[in-house]
Amino acid sequence: MFDKAKLMAQAFKLKKALESELTEMEESGILIKVSGDQKIKYLSVNGAENKILVEVINKAMKKSQEGAAKKMQDLGGLDGLLK
């Protein structure tokens with residue numbers, strides 16, 4: 001039981017650390033900022049911020065991640081990969 005609580009605490013700490021990491025890329029008039037947990041935090045094209053595009057991209061990425069997680073679960077999760 002203690003090990004599970006310890007793992008949960010470590011996972012929470014890692015999640016917070018990833019959320020606080022920020023990578024910024026600017027090219028051809030496009031500026032994008034992405035957090036370490038793979039969420040777009042800011043997007044601008046030629047200086048104009050586009051919050052709707054950020055929202056739609058993040059929703060699509062979440063849907064893709066959920067689909068990948070389901071597929072892994074259907075295939076036996078990590079146990080299926082290790083056998």
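Rule-based calculations on the coordinates, nothing more; no lab input. In this text the structure is predicted, and so the values were computed from the model without any measurement. Note: ideal-geometry Cβ built from the backbone for every residue, glycine included; neighbour counts use all protein chains shown.
Taking each DSSP H run with n ≥ 4 as -39500 (n - 2.57) and averaging over every residue of the chain yields -19500 deg cm²/dmol at 222 nm.
For segment 2-75, what class follows from the C-alpha gyration tensor (a ≥ b ≥ c being the square roots of its eigenvalues): rounded when a/c is under 1.5, otherwise prolate if a/b is larger than b/c, else oblate? Taking the square roots of the gyration eigenvalues as a ≥ b ≥ c, segment 2-75 is oblate. Placing pseudo-labels 7 Å out from each Cα toward the beta carbon at ALA11 and LYS59 gives an inter-label distance of 2.7 nm. For the chain, the longest principal axis of the alpha carbon atoms and the long axis of helix 51-74 meet at an angle near 20°.
Annotation: extensible slack from LYS4 through ALA68 equals 20.6 nm (criterion: 0.36 nm per residue apart, minus Cα-Cα distance). Placing pseudo-labels 7 Å out from each Cα toward the beta carbon at ASN46 and LEU75 gives an inter-label distance of 4.3 nm.
Derived scalar couplings between HN and Hα for segment 18-25 equal 5, 4, 7, 5, 9, 10, 10, 9 Hz in order, rounded to whole Hz, by the Karplus curve 6.51 cos²θ - 1.76 cosθ + 1.60 (θ = phi - 60°), x for Gly and Pro. Checking the cross-link pairs LYS13/LYS33; LYS4/LYS33; LYS51/LYS71; LYS16/LYS51; LYS13/LYS59; LYS41/LYS70 against a 28 Å limit on the alpha carbon distance flags LYS4/LYS33; LYS51/LYS71 as lying beyond it.
When +1 charges are put on Lys and Arg Cβ atoms and -1 charges on Asp and Glu Cβ atoms, the dipole computed for the chain relative to its Cα centre reaches about 420 debye.
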